[in-house]
Structure formats: structure tokens, C-alpha cells
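**Student:** Just passing along the structure, written as C-alpha cells.
The values are calculated or read from the model by the stated rules, or taken from the named source; none is laboratory data. Owing to the predicted nature of the structure, the values given are computational and were not obtained by experimental measurement. Quick reminder, even Gly has a Cβ in these numbers, built from the backbone with ideal geometry, and neighbours come from all protein chains shown. Surface accessibility is based on the protein's heavy atoms, side chains included, excluding ligands, DNA and RNA. Shrake-Rupley method; radii C 1.70, N 1.55, O 1.52, S 1.80 Å.
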Amino acid sequence: MVKIVTYNVNGLRPRVAQHGSLRRLLDALDADIICFQETKLSRQDLSADVIMAEGYEAFVSCNRSAKGRGAYSGVATFCRVTSAFSSQEVALPVAAEEGFTGLQDYAKNSEIVGDFVIATPVAEEGLGEITREDLLRVDNEGRCIITDHGHFVLFNIYGPAVEEGDKERVHFKLLFYKILQKRWEHLLALGKRVFVVGDLNIAPASIDRCDAPPGFEKQMFREWLRSMLREHGGPFFDAFRSKHPEREGAYTCFNQKIGAEEYNYGSRIDHILISGACLHHCDSAEDNSIICCHVEECEIMNHFKRGNSENFSKWKGGRSSKLEGSDHIPVYILLKKIPELPAHNIPPTAARYLPEVRGRQQSIVSFFNKGKTYELQDAGCLVLSEDTVNDSYCSDDLENKTIAKDGLAAAKGGNLPSLMCKGGGLDQWRNEGLSGISRNSQKKSPSGTKGVPNKKIKCNLSSQPTIKSFFQPPKSETVNVSTSTLVTPVETIHCMNQICVPNDDSLPESMQCTTSGAEDQDKTNVSSCSLSTDKCNAAALEWQRIQQKMKMTLPRCKGHREPCISRSVKKGPNVGRLFYVCPRAQGPASNPEANCGHFQWAPVKSKGKRS
């Protein structure tokens, strides 16, 4: 048996973080070949923790477009193998290629699967003359990986998603699929079996979309995809529909912004298409196809755990509506009676050979660079505790990851880590060492009392103090901060002239504060957030009263008579204008429990002259 899974992960790093490691994510899918789409990794982001896993070989394609959109799109194919050399396993490809035009200059080491050659310029109906630059632009967004597994050629595809009014992207999508079709036809003409898996961003028929509007199937790309299928004269079988031709409500993608998954309000845009003859001779010409002889099952993995929690919370509207995991559901196909291949080695385009993963040879100049400097704000208020390490975050643009307790354990044996990493990610912090904090972190304030400094303190890695410096008795005569808590500068709130409110999810972040994790034995010392409990409770009750009053002023939806949620227009002539909608998740029109469709503009404030 050979199992192939396709899964739009909507960012590979978040999925790896949710499962604990890349190996756990791959093992959870339990397949021989795993095809990820929308990895959102650039070449600079590639690292062993998201590409390399024991027992798997990877092939990746990243966005190379200079459009300024950052890391988006991207595909990756992971193959579960016992050995990468002299292997007879079907999962290990005999050849691999990044892109599908055959024109990529950066794929010098990769052979073109099927010796595909396209002469430019080429004329295509509806697209005019296509130049070499147009073809390279199609491949530069990292939307295709081709792996040749001997018995079949596998295309891992992430199709472009476009809006009807965006003519430039509509042209791009049409060019993408027209050239891709030429590549498929070339391989089929050579007698190859072609498998196409991935998020094509196309629901081919009305049965594949919940509450499909009239004329749904007449859209250009849906007509093109159906023309590729056997029932419409094309070469491919839709593996899922071949096994489940009449099944309704079988969807793989849900809009998280409207809570669509709660009422199964989605579409089927993740596909597995297969074409070619079976691996043995059949008596009947109709049965002489791979779908009849070798496909055991094709199914949507509805029960696959896509987040940390067992039970997803219900959609509540607004920003709290998103699921923890991807907005797509994996799909798998199970192949039977697939023989082994002759002994072969892993192709040179594998991720294990990429410089970003394998490493680059360093020059001697790199050893004479100055040590990196990390900047800390308000370092004087840093104290030590394991309880608050889990609430500290690294302030970079990669991921807001929680710093683990093992980082603190390492600090106890050496130097205390800097929790505010400017210009570097968490992995960089772990690899380069723990940054020290200056001993002289407190200075006298102009009033004579020793307060917390506001200016930045620069700490060089080459002159790190010992941990003992953090246990010196405080010199302040007015405030003795408990030395049992480690608080990051961003999270520290000086409550000298502010009302302190307990941490509560129902309160805004601006009203929350960080409190000490243990009481000081000397009860005469005052905590940094030691205001009376009565005042804290009063503030909490006042906030609850304000929230209740806000709910009373909101209009109620016509279907359920529940307080609406407010939203704003993002673009167009009414950009910025507020409106109210039903708070419930979107669902089929036949479901009375789903969103009732209520819409109401918020009143516009008068622009009259102020008195």
C-alpha cells in the first residue's frame, strides 16, 4: 500500500509548533508521501526544524517573487523512507524538479522530468503571446514541486486564489493552468501516469460548494477544471468523486473569518487527480485504468486533529473566531498493488542538499566580526521566577513563541537569557547563546529615590555578568521588588500612579498587569503592583458594567434577536465605515441556527461645527 496525503497547512511553522515538532506533524498524517501547500516559507526561513525530520526526505519550492508580499505560497513534499540511498521504495523519487515550466535557472542540478521543453514566445488562445519572462514569473511564486516516483509522476500544486475584479491576477491564474496543462499532456503522451494533488483553489461543480449560487459552474476556471476530467472528455479521474460520486457536504476548506466550519459551510478545493493506465494488463479496456485497479480509497480526513485542543471552541464572531489549525482539511488516497522500484538514490534537489539547511562554508572574516548587541528597555525591573517565563515572548517578526522553561533552566547554570531579542528570532537566541544583563541596572532618579531607568541598556555578549549579580539586595529605600518573578520589560507595568487590575481574559490588555508569583517573607515590603483588592475589584466591576452597557446599545439581528457585532469596511468608497451583522457563524440558508444575514449600517456622526 502507498498512501499519499495533500494538506494546505496555511503556514508550516505554526503547524509544526502546534504538534511540537515536524516529525510529530508528519507522523500524525501517517502517509508515505505528504504534500503541503501554502507553507509560507522563504529561502531565508528554511531551517532544519521545519524541513528535516528523521525518516523523511523533503523537496521544497519557495516564493522567489520580488512583489514585496513577503513569505507566502510555497509547497513542500515529504517522503517517508527507510534509506535515501540504494532504496527500492516507491516513496523515494528517482527525480525531482522545482516548478513546471522547465526554464528555471536555479534548478541546474535537477533534471527536467520527461525532458519537457517549451519554445518561447508561444501563442496561447486568450493569453496572446507568452514570453520567457511570463513563464518564469509563473514559476517564481513557489507553487509546484514535481517528483517522479517511477510508476507515476506526482505534481504538488498550490493554485493561485484571485478575485474576479483583479485582471492581472486572473491573467496570471489562467496562464498558470494553461502551461501546467501543456506539461501534463506532454507527460501523458510519453506514456507516464500523472498524479495531481493539492489546493487548486477551484471547486469544479455545484455539489462541491455549499449554497452554490446560480451560474456557479459557468465560471471560467471551473469550466477548465471540469474539461480535464474523464466525464467531460479529459484525461483525469477526480479520485474523490470517483469513489463518492453523490456525496454532498464533503468540503475541505472553510472561511475562518465567518466561522464557516461550525455549520459545514465550505467548499471542496483540495483535489487528487490521477491519469494513466494500470500497472498490469487487463482484459477489458474500461478496467485498464489506474483508478479501477490501484485506488483502494480516497477520503477527506475530517477527524484529523489540526490544533492543540481536542474540542474547538464555538465561533463567537470578530477576531476570536479563528481555529487553532489550518482552514483546510487533509485529503488522502490509498494505492494498492504498487510494486517496488529498482535500487536508486535520492535526487540532488532534495532539501538535505540546500545551503540554507546543510549550511554554507564560512570565511575567516566572520570570526573577526563584533559581538552582537541586544537592547533592553527598563532592565532594572527584571527579577527571577519560573512562573512568568511561560508568559514571555520574543519580540521579532517570525512567530510569537512562548519561551520554554528549559531556557530558564539553562540560565541557572550560566547567564540569564535576554527575553527581548531585537533583530533576531528565538532559534537565533538559542543558537548564539544567552545574552547577559548589565549589573548596573538601577540608577538614582532626580527626586532622590532609586527608580527604574527608562533608557535602553546595551548588553554585549562578550561581557556577560554572572547570575549572582541578580541576587544582590536592592538599594531602593521606598520600593522593595520581590525577587521571585521574571518579568519582561514589555509586560512590566509600574503601578506607582495607576490602578492595578487582575489578569482576566474579559478585560482589555491595557488594564491587565503582571503580579508577583510568590509572596516575600518580609510582609513590610511592598510589591510593584500592590494596590488594595477593593480597588482592583471595583475596576473589574466597572469594566463589566461598561461592557454590559455597550451590549445594550448594539442593535439586535432580525433572525435571532441577539446583539450584533460591529465591523468596518476595508476598501471601496465606504472604507472605514462601521456596520453591524448577525453574530452567529455563517451556514446554509436552510439552517435556522446559522447566520440570519442581518446587515445594518452604523449611524454616521454629524460633522457639524463644534461650539
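**Student:** Which one of these does Phe237 not meet: (1) touching a Gly at 6+ places or on another chain (Cβ under 8 Å); (2) modelled with pLDDT of 95 or more?
**Tutor:** That leaves (1) as the condition not met.
**Student:** Follow-up. Among the residues that make up the stretch 16-26, is at least one of them open to solvent by 50 Å² or more (accessible area, probe 1.4 Å), assigned to a loop (DSSP other than H, G, I, E, B) and either over 18 Å from Pro347 (Cα atoms) or without any contact (Cβ under 8 Å) to a residue 24 or more places away in the chain (or both)?
**Tutor:** Yes, the stretch 16-26 contains at least one residue that is open to solvent by 50 Å² or more (accessible area, probe 1.4 Å), assigned to a loop (DSSP other than H, G, I, E, B) and either over 18 Å from Pro347 (Cα atoms) or without any contact (Cβ under 8 Å) to a residue 24 or more places away in the chain (or both).
**Student:** What number of residues within the stretch 240-285 satisfy the criterion of being at pLDDT 90 or above and of a type in the set (D, E, K, R)?
**Tutor:** The qualifying residues number 7.
The rows are residues; the columns are (1) under 24 Å from the mean Cα position of the chain (by Cα); (2) within 19 Å of Val90 (Cα to Cα); (3) surrounded by fewer than 18 Cβ atoms within 10 Å (Cβ to Cβ); (4) at pLDDT 80 or above.
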residue: Lys314; (1), (2), (3), (4): yes, no, yes, no
residue: Gly318; (1), (2), (3), (4): yes, no, yes, no
residue: Ser321; (1), (2), (3), (4): yes, no, no, no
residue: Lys337; (1), (2), (3), (4): no, yes, yes, yes
residue: Pro347; (1), (2), (3), (4): no, yes, no, yes
residue: Pro355; (1), (2), (3), (4): yes, no, yes, yes
residue: Gln361; (1), (2), (3), (4): no, no, yes, no
residue: Ile364; (1), (2), (3), (4): no, no, yes, no
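For every residue, the table says whether it meets (1) of a type outside the set (Asp, Glu); (2) modelled with pLDDT under 85.
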residue: Thr524; (1), (2): yes, yes
residue: Ser528; (1), (2): yes, yes
residue: Asp534; (1), (2): no, yes
residue: Arg545; (1), (2): yes, yes
residue: Lys549; (1), (2): yes, yes
residue: Met552; (1), (2): yes, yes
residue: Cys557; (1), (2): yes, no
residue: Val569; (1), (2): yes, no
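**Student:** In the stretch 227-269, what residues are of a type in the set (Lys, Arg) and in a helix (DSSP H, G or I)?
**Tutor:** Within the stretch 227-269, Arg230, Arg241, Lys243, Lys257 qualify.
**Student:** Looking only at the stretch 150-179, which residues are assigned to a loop (DSSP other than H, G, I, E, B) and either of a type in the set (S, T, N, Q) or within 27 Å of the chain's Cα centre (by Cα) (or both)?
**Tutor:** Passing the criteria: Gly159, Pro160, Ala161, Val162, Glu163, Glu164, Gly165, Asp166.
**Student:** Which of the residues that make up the stretch 88-120 are at pLDDT 90 or above and small (Gly, Ala, Ser)? Lay out the reasoning, then the answer.
**Tutor:** To start, the set of residues in the stretch 88-120 that are at pLDDT 90 or above comprises 88-98.
Of everything in the stretch 88-120, those that are at pLDDT 90 or above and small (Gly, Ala, Ser) turn out to be Ala91, Ala95, Ala96.
**Student:** Against the definition (out of contact with any helix residue (DSSP H, G or I) (no Cβ under 6 Å at 6 or more places or on another chain) and either assigned to a helix (DSSP H, G or I) or in contact (Cβ under 8 Å) with a residue 60 or more places away in the chain (or both)), how does Ala76 come out, yes or no?
**Tutor:** yes
**Student:** Still on this model: Just one of (1) among the polar types (S, T, N, Q); (2) surrounded by 14 or more Cβ atoms within 10 Å (Cβ to Cβ); (3) assigned to a loop (DSSP other than H, G, I, E, B); (4) modelled with pLDDT of 85 or more trips up Asn574, so point out which.
**Tutor:** If we test Asn574 against (1) among the polar types (S, T, N, Q); (2) surrounded by 14 or more Cβ atoms within 10 Å (Cβ to Cβ); (3) assigned to a loop (DSSP other than H, G, I, E, B); (4) modelled with pLDDT of 85 or more, just (2) comes out false.
**Student:** Can you go through Gly165, Gly142 and tell me which one is surrounded by fewer than 20 Cβ atoms within 10 Å (Cβ to Cβ) and of a type outside the set (Lys, Arg)? Talk me through it step by step, then tell me what you get.
**Tutor:** Numbers: Gly142 fails: surrounded by fewer than 20 Cβ atoms within 10 Å (Cβ to Cβ).
Answer to the selection: Gly165.
**Student:** When the stretch 205-226 is examined, which residues are found to be touching a residue at least 40 places away in the same chain (Cβ under 8 Å) and either open to solvent by 40 Å² or more (accessible area, probe 1.4 Å) or not in a helix (DSSP H, G or I) (or both)?
**Tutor:** Ile207, Arg209, Cys210, Asp211, Met220 - these are the residues of the stretch 205-226 that are touching a residue at least 40 places away in the same chain (Cβ under 8 Å) and either open to solvent by 40 Å² or more (accessible area, probe 1.4 Å) or not in a helix (DSSP H, G or I) (or both).
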